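Contents: one structure, followed by commentary.
Nothing in this text is a laboratory measurement; each read-out follows from the coordinates by a stated rule. Just so we're clear, the structure is a prediction, and the values are computed from it rather than from any experiment. Backbone-built Cβ (ideal geometry, glycine too); neighbour counts: all protein chains shown.
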Amino acid sequence: MNDRYRQEPPNGRRPNENPLTPGATRRAPNVSQKSQGRSAPPARPAARPAETVRHTLPPEIRQSRKYKKSKRVLRKRVTGRPSRSMSVVSVPAALWSSVKKAIVLVTVLVLAVLAFVGGSGLGMLSGYISTARPLEIRDVKESYEATYIYDKDGRQAAVLTGSQNILREYVPISVIKKTYIDDAFIAIEDERFESHRGIDPKRIANSVGNIFLSFGSDTHGASTITQQVVKMMSGADDRSAQRKIQEWERAIDLEKKLTKDQIMELFVNMVPMGGQYVGVQSAAKAYFGKDISQLDLAECAFLAGIPNLPSIYNPATEYGKRNALRRMRITLGKMLEIGKITEEEYQDALNRELVFRRTEREAEASTVNSYFIDAVINEVIEQLIAQRGYSRQLANLAVFQHGLTIETTLDPEIQRMAEASFQKKELFSTNYDALPESPQIPQAAITVISNQPDSFGQIVAMVGGFGEKKTNLGFNRATQAYRQPGSSIKPVLVYAPALDTGLVTAATVLVDEVKHLDPQNPDRSWPRNSGGGYNGPVTVRRALRQSLNTIAVEVYTEIMNPSVGLSYMKHMGVDRTDEQQPAGSLGAFAWGMNSVEMAGMYMTLAGRGIYTEPYLFTRVLDADGNVLLEHKPRIEQVFTTETA
């Protein structure tokens, strides 16, 4: 650098320069004279101060505002303690430091996940419990009286007696207590039944552990007897966390309302015992030909082992009988283990040879009920499940053995005429004698619905098949046979909605000609009329009267829209809104319709455009006269009076 820029200070020292250069030394004040006399090693040449370089800049630069600002920023950055050690770190120390950081990071992540899962779990648990429907406790011993069914005029139409459901018999807890059956159930199903409060946490944990340790060969499940009663009464049997949590909550609640004896009484009278048998009394009579009070220890242990897997331990088969005998030995062992029996009783029961006796099911009642009565029975069972929360098992028990009174909409005279018509061979075939040789005998069904103001929507008659009815609760084509409606759908799906929306009138003229209305095959002529010909220009009234396919599809797809017609049909109780294919206007649906649905839609036209869901009964009363079910019709105006 040019020397003319160098300026020596007057004292020979640069500004702010320390008198001692980095290479200079200062003698300590306590240094001995001996030390002072020693010759000092030759001094190293002094390092050039850093500021020397810094002051080589011209004064005008050093005095500039930008330079001063840069110095201030630099001082801020280099002041303070070092943020990182510059010492050499060993490899193990570096590895351990990384491991510690990883452990901390993983711990934080795990805690965060646990907090999230725990919070979500508590929220789900709270939601499941809050949405649990209260369990309606029914007294199984309430009655085994006959159920009476009445027609619309209050005359008796049918009686459902115990003889029609002989596979179930009630037995009180006072009888059960004199046998080994309750102790056997406690030993094999719920050994802490007498002490827990509805659920058994230890049993739940043991069951989960056994699943893994014994590969699923546990001798019992995690449900207590109380939980099984809840399950049988509620009918909830889906495998889900929600169902299980709600079952726990209901079991705890049930233990607060009933005594242990009352819960056991419900259990032994509702538990499935293989085949068609429900409850220990019917099973005792079926398998051993005895009343439950006459069973010995081995027989009680045998019965107590069946409910775990009724199909596997069913004594009706030789395979099931062998399985049930093996489980009987397990039950006896558990009874001995928890102190319900003595060693002597245990050995005697093991050496006891069981004598089985299958009692044949008694013949059903000689009276065969009508299709209408069958439909009423099925409908009441479904409504008890839907409205009252019954399980299917309890609903069947209530209908047949709880002494109900069912008030129906049956008109016996119309029912008699409908049944007489379905006995006439000439109405079904011109050559009836040849029918047995046909691949399929013609069948039919009918549902008659009233459109009178005082009985609007009531099903007054029903026949579910041609010929003589020989069994009860068989296949009912009126309610259970879903068939394609064909052209009978045109008035309610096509023409009535088109008229109601003002898209056509009865006098609208359309051309009956070759059309290409199949979107999948636009080059193919479709649809075609039944006779194969075409009529040229026709009114909508004539197209409806002659059931012309070309006009029906044109109105449905080109003039209206399938979604419009389907929405009208939905308001009449038949939802096919996901089937908007053009062929629907000709009655081609993936899922057909039964006679009740078809009659209900036509009732809307006959009822000045008003629809109500067809119904079979008005009220169902229990044995004490309390209303269990009551049908209250809801009216909806689907079409205008002019359209109908």
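List V175, V492, V538 from most exposed to least, where exposure is judged by having the fewest other Cβ atoms within 10 Å.
So the residues, fewest neighbours to most, are V175, V538, V492.
Based on the mean of other beta carbon atoms within 10 Å per residue, what is the order of 481-488, 594-601, 348-355, most packed first?
In decreasing order of mean packing, 481-488, 594-601, 348-355 become 594-601, 481-488, 348-355.
Pull up all non-local amide H partners of A157: gap of 5 or more, or a different chain, and H-to-H distance under 5 Å with H placed in the peptide plane.
Here the answer is I149, Y150, D151, since their amide H atoms fall under 5 Å of that of A157.
Rank these for me by crowding, V504, V230, going from fewest to most other beta carbons within 10 Å.
Least to most surrounded, the residues fall as V504, V230.
Check which residues have an amide H placed less than 5 Å from I449's amide H, if you skip close sequence neighbours.
V460
Could you please report the charge total around V108, scoring K, R as +1 and D, E as -1 over all other residues with beta-carbon less than 14 angstrom from its beta-carbon?
+2
By its C-alpha gyration tensor, with a ≥ b ≥ c as the square roots of the eigenvalues, how is the stretch 487-588 shaped: rounded for a/c under 1.5, else prolate for a/b larger than b/c, else oblate?
oblate
Apply the Karplus curve 6.51 cos²θ - 1.76 cosθ + 1.60, θ = phi - 60°, to the phi angles in the stretch 460-474 and return the couplings in whole Hz, x for Gly and Pro.
Whole-Hz 3J(HN,Hα) from phi for the stretch 460-474: 9, 7, 7, 10, x, x, 7, x, 6, 8, 10, 9, 8, 6, x.
Quick one: net charge around I312, please, counting Lys, Arg +1 and Asp, Glu -1 for every other residue with C-beta under 12 Å from its C-beta.
+4
To make sure I understand, if each residue's beta carbon is the centre and we count other beta carbons within 10 Å, what order do Y319, Y150, Y277 fall in, fewest to most?
Y319, Y150, Y277
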